[in-house]
Amino acid sequence: MQYSKKVIEHFRNPHNQGRIKNADAVGQVGNIACGDIMKIYLKIKDNVIKDIKFETLGCAAAISVSSALTDMAKGKTLEQALAITKDSIVKDLGGLPPVKVHCSMLGVEALHQAIEKYNNKI
C-alpha cells in the first residue's frame with residue numbers, strides 16, 4: 001500500500017491535533033470494521049469556523065484525513081465547510097489507496113455532525 005508524500009507528511013506532523021476546551025460543538029464518528037475513531041472540535045464565531053481541532057485514533061490515512069480536513073475547514077463559513085467532500089479531501093492529499101478512502105468519509109461525517117449539533121443549539 002503506497003501513500004502519497006502529502007499523506008505521510010500529515011501523518012508525521014498532523015495539523016490542528018488536540019482538543020478545544022469549551023468547544024461550541026463536537027462531532028464524533030467511528031468505524032467498527034476498521035476501529036478508527038474521529039472526534040472534531042469546533043469554535044465558531046459569526047458563522048465562521050475560527051478554530052478546529054481533532055483527536056483521531058486510527059491508521060495513517062485516518063490521521064492524515066483529519067489533519068487535511070481541519071486545514072480545509074478552518075476559516076470557512078459553516079456552509080463552505082459543509083461543502084467539503086470526501087473526494088476533495090482525497091484530492092488534497094494526492095490520493096489514498098482505495099481500501100483507505102472510507103477514512104475520508106469519517107472526517108466528513110464528523111465535521112457534518114459537529115456543524116449539525118451547533119446549528120441545533122442556536
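Every number here is computed from the coordinates shown, using simple stated rules; none is lab data. Since we're looking at a predicted model, the values are computed, not measured. Note that each Cβ is placed from the backbone with ideal geometry, even for glycine, and that neighbours are counted across all protein chains shown.
Please state the shape class of the range 75-122: rounded when a/c is under 1.5, otherwise prolate if a/b exceeds b/c and oblate if not, all from the C-alpha gyration tensor. Before the final figure, lay out the partial values.
Values: a/c = 4.41, a/b = 2.00, b/c = 2.20.
Because a/c hits 1.5 or more and a/b fails to exceed b/c, the range 75-122 counts as oblate.
Nearest 0.05, what FRET efficiency do ALA33 and THR77 give at R0 = 41 Å with Cβ-Cβ as r?
Details: r = 33 Å, r/R0 = 0.81.
Efficiency for this residue pair is about 0.80.
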* Asked: Remind me, relative contact order of the chain in percent, using alpha carbon pairs under 8 angstrom and six or more residues apart?
  -> 31
* Asked: Cα gyration tensor of the chain, axes a ≥ b ≥ c as square roots of the eigenvalues: rounded (a/c below 1.5), prolate (a/b > b/c) or oblate?
  -> prolate
* the range 1-68: Lys pairs at Cα distance under 22 angstrom, eight or more positions apart or on different chains -> 11
* Structure fact -> GNM of the chain, Cα pairs under 10 angstrom: of GLY35, GLY18, GLY27, the biggest fluctuation goes to GLY35
